[in-house]
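The values are calculated or read from the model by the stated rules, or taken from the named source; none is laboratory data. The structure presented is a predicted model; accordingly, all values stated were derived computationally and were not measured. A quick note on method: Cβ atoms are made from the backbone with ideal geometry, for glycine too, and the neighbour counts reach across all protein chains shown.
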Amino acid sequence: DDIQDLSPKLKMLGQIVAALVVIIYGGISLKDFTLPFIPSYISHIIAIIITIGWIIGITNAINLIDGLDGLCAGISIIVLFTISITSLATGRLDIASMSMLLIGSIAGFLVYNFHPAKIFMGDVGSLALGGMLAALSMALHVEWTLLLIGLVYVIETGSVMLQVAYFKWTKKRYGEGRRIFRMTPFHHHLELGGLSGNGQNWSEWKVDAFMWTIALVTSGITLVLLYL
């Protein structure tokens, strides 16, 4: 029988259910979230909604970067290593252990995912990995750091959102859609013409090295902000 992909609606439903499992059975959500002049039970409901949005957002952000050999796996190892250091520094050995286990698993996968890749992560791997990273950041109560450590996620997701919004706006205003980037997510823009989009094409290795460097730098900045 032919294998058919799940529809976007079913994928989103599955992610919402997974987020609720994390919240209800994992006890992971925003802690001490309150709004002035708002009853505590309403603040709690808002906190749950934000938690679901955070988990789904990070999950799909990581899914977006899984479009180049080695990119998602390499970035995730760097992010998880930073999370493990933060966990050890705060005495959360459980989170550190889980982070190290994930690093080992991804490293074994990465050996065969380097360009030219022999195996691929796909939605099953990237969505699960995204959910784990979102949950670990919330369990550690340093959610904001994931946006800095994972700046690549922000760049990739932001490029897609900007491209779509600009295309729709220019189509409505000028009658034809225009683009900011050669192609999104941003790693494809680099492949097609470097940072400017008009230069020489970047190889997959060069794109990986560039994105990994960004992750290493932002991880270092995060650790300095946390502990110095």
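Listed values, structure above:
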| item | result |
| --- | --- |
| Residues (of a type in the set (Ser, Thr, Tyr) and surrounded by fewer than 17 Cβ atoms within 10 Å (Cβ to Cβ)) located in region 83-115 | Thr90, Ser97, Ser105, Tyr112 |
| Odd one out for His141, checked against (1) in a loop (DSSP other than H, G, I, E, B); (2) touching a residue at least 40 places away in the same chain (Cβ under 8 Å); (3) under 21 Å from Trp205 (Cβ atoms) | (3) |
| Lone qualifier among Glu204, Glu156, Glu191 - being under 15 Å from the mean Cα position of the chain (by Cα) and surrounded by 15 or more Cβ atoms within 10 Å (Cβ to Cβ) | Glu156 |
| From the options Gly125, Gly53, Gly67, residue that is crowded, with 19+ Cβ neighbours inside 10 Å, of a type in the set (Gly, Ala, Ser) and either under 20 Å from Glu156 (Cα atoms) or in contact with a helix residue (DSSP H, G or I) (Cβ under 6 Å, 6 or more places away or on another chain) (or both) | Gly125 |
| Filter pass, Gly199 being at positive phi, more than 22 Å from the chain's Cα centre (by Cα) and free of Cβ contacts under 8 Å to residues at least 60 places away in the same chain | no |
| Positions within region 68-120 being among the small types (Gly, Ala, Ser), assigned to a helix (DSSP H, G or I) and within 14 Å of Ala215 (Cα to Cα), in sequence order | Ala73, Gly74, Ser76 |
| Region 1-59 - residue that is charged (D, E, K, R) and more than 25 Å from Thr145 (Cβ to Cβ) and, of those, modelled with the lowest pLDDT | Asp1 |
| Pick from region 73-109, criterion under 19 Å from His141 (Cβ atoms) and hydroxyl-bearing (Ser, Thr, Tyr), ranking: modelled with the lowest pLDDT | Thr90 |
